[in-house]
1. Once the convex hull of the alpha carbons of region 116-260 is built, what does its volume come to per residue, in cubic angstrom?
2. Once neighbouring chains are kept in place and the probe is 1.4 Å, which whole percent of the accessible area of the chain is contributed by carbon and sulfur?
3. With the Cα gyration tensor of region 149-230 giving a ≥ b ≥ c as the square roots of its eigenvalues, does the rule (a/c under 1.5 for rounded; else a/b larger than b/c for prolate; else oblate) give rounded, prolate or oblate?
4. Per q in 0.14, 0.15, 0.16, 0.24 Å⁻¹, report the Debye log10 I(q)/I(0) for region 208-278, using one uniform scatterer on each alpha carbon and no solvent.
5. Under the rule of -39500 (n - 2.57) per DSSP H run of 4 or more residues, summed and divided by the residues of the chain, what mean residue ellipticity at 222 nm is obtained, to the nearest 500 deg cm²/dmol?
6. On a C-alpha basis, how far is the centre of region 207-243 from the centre of region 153-183 in Å? Whole number, if you could?
7. Is region 1-49 best put as rounded, prolate or oblate by its Cα gyration tensor, with a ≥ b ≥ c the root eigenvalues, rounded for a/c under 1.5, and otherwise prolate when a/b is larger than b/c, oblate when not?
8. Give me the accessible area per residue for region 39-102, probe 1.4 Å, as a whole number in Å².
Amino acid sequence: MPAQDIGVLVKPAGPDCNLACTYCFYRPKAALYPDTPRHQMSDDVLEEFVRQYVAMSGPQVSFAWQGGEPTLMGLEFFQRAVYYQQKFGRSGQVVSNSLQTNAILLDNQWCQFLADYKFLVGVSIDGPADIHDRFRKYSSGTPSHEQVIAALHRLQEHNVDHNCLAMITPANVRRPEELYHYFTDELGLEYLQFIPLVEKDPATGKLADFSIDPDAYGEFLCRVFDLWARASEPQVHVRMFDDLLALHAGVEAPSCLLREHCGAYVVVEHNGDVYCCDFFVEPEWKLGNLMATPLTDLVQSEKFAQFARRKSELGRKCQGCEWLKFCWGGCPKHRLVYADDVSMPSYFCAGYRRIFEHSQEQLQRRARRWLAQQCYPTINYDGVGRNDPCPCGSGKKHKKCCML
């Protein structure tokens, strides 16, 4: 992949966070920096990173700020980041920023800044209080849901573009309808992303007790899909379904999970260290440090290319699967759950197979309709009966073609 097409996921506060979520996979990364009790990106690293990344990028430059909790850096840090983006940006370049956050620190001043500079804010929230607060607490055990909801309302009052990222945990995996209606009807969210939870217990090497069952995850997705698909033109976007719709339309999935190869982005840590992936911030997959080696050289290194190819190391079960071109084996992290063998099927294989089969017919129709409207934007489906010829011109009955 050309250097200008590589994205970055920036962790300016490293693994530091004001919460101590039970399931957090990134907090232990503090062990990589034992001599640094507090992880903060310096102004020198920020300026150099922005300079290099803007120079490396094409006409579209996207900064994704994550953590840990990136807002621990303070508002002034992000004001400087925007200043450097403006300073180093070339004429005609369009710069965008996204911020993944627990939202707790987002007061009115923060929200006004995020609105002014058109940040897309992803809010981490797992559902209603009894679900969210089971895992997302302060180190003292104090729950966080109330503060997150207050911040979410402030984002909405300031018209900040925002979405929701929810971990699917033992607390919500069997409550899909309640979760979906909570996000869409009660909170007014239109963009949802569901992340299935599986981690290893570092003490035993076995599955952590908060990991969810693959079949339960598949059932969750199928039931959410049925809710989502009730609308002829869904106003709610669910990332997994948007990705699958793209694949049915012959377009590459936006998310790396369903792409053939890894290597769409790199992680930049607080001190300028660059890693291959958010899930593989570990010594084996450290590419270098951008203060010593230009970022463009790091993303074109053989180690990064090797990492990107690993997703293609598929075992016999995956190679013969009818759904291979949908998931390409899934995320390598989930293929290493039971053994240190990246050719193993994804831990969530059974769940993915369920949603792929369950959604196929519906998404094929939606994809046909979308493609027809791209070619013939004036097509009118209103009043077309089930047994009428489909207006898209396929020659099929409407019920067998684009009818939703």
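1. On the way: hull volume 22.9 nm³, N = 145.
Convex hull of Cα atoms, per residue: 158 Å³.
2. Carbon with sulfur: 48 percent of the solvent-accessible area.
3. On the way: a/c = 3.06, a/b = 1.55, b/c = 1.97.
Note, shape of region 149-230 comes out oblate.
4. For the requested q values the scattering log ratios are -0.68, -0.75, -0.82, -1.09.
5. -10000 deg cm²/dmol
6. 13 Å
7. Details: a/c = 2.46, a/b = 1.48, b/c = 1.66.
Oblate, since a/c reaches 1.5 and b/c is not below a/b.
8. Heavy-atom SASA per residue in region 39-102 reads 40 Å².
The values are calculated or read from the model by the stated rules, or taken from the named source; none is laboratory data. Computed from a predicted model, the values in this text were never measured in an experiment. A quick note on method: Cβ atoms are made from the backbone with ideal geometry, for glycine too, and the neighbour counts reach across all protein chains shown. Ligands, DNA and RNA are excluded from the accessible area calculation, which covers all protein heavy atoms including side chains. Shrake-Rupley method; radii C 1.70, N 1.55, O 1.52, S 1.80 Å.
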